[in-house]
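Asker: Take a look at this one; I'll ask things after.
The values are calculated or read from the model by the stated rules, or taken from the named source; none is laboratory data. Source: prediction; values computed, not measured. Cβ atoms come from the backbone with ideal geometry, glycine included; neighbour counts cover every protein chain shown.
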Amino acid sequence: MAFPINSNVVNAVEPPIAEAQSWIAGRKFPKNKPLLNLAQAVPSYPPANSMSEHLANNVKLFETAQYTAIAGIPALRDSLASNMMISHGGRIEAENVLISAGCNQAFCIAIMAIAKAGDEIILSAPYYFNHIMWLEMQGIKPFYYHSEVI
């Protein structure tokens, strides 16, 4: 028995990760100018020792094996709201802050909150490839706004 796959998923744009990785495959970089690869937020180097030690100590705690509040840890939401008020001005309440697992998840959550299949969204270009993929998989039509570099 075959199970159909949503055509919006099948027809979504192909992720360019493999192509981007091929651009540096086999290349050598001088020791005084090593490649600092920030592509796709996937670093090509290990975390700092201090972070590894912190994680090793905290992974054993009961609290780290539990789900947190859906919108994020309250202290983190408070801290982010305060920091954003200082850096950007205005008034931001912690209850209006949602902590996500990253920009892609935040984009998906925001789009799901305001649009559905058949709707149209303005997407600024250039854009991150996952954004167009998400819109296509949701059946949302993008219109491109080509911004200029100042």
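Asker: Looking only at region 11-36, which residues are modelled with pLDDT of 80 or more and either aliphatic (A, V, I, L, M) or in contact with an Asp or Glu (Cβ under 9 Å, 6 or more places away or on another chain) (or both)?
Answerer: N11, A12, I24, A25
Asker: Right, something else. Out of A106, A113, A101, A81, I need the residue that is assigned to a loop (DSSP other than H, G, I, E, B) and on the phi < 0 side of the Ramachandran plot. Which one?
Answerer: Testing whether each residue is assigned to a loop (DSSP other than H, G, I, E, B) and on the phi < 0 side of the Ramachandran plot leaves just A101.
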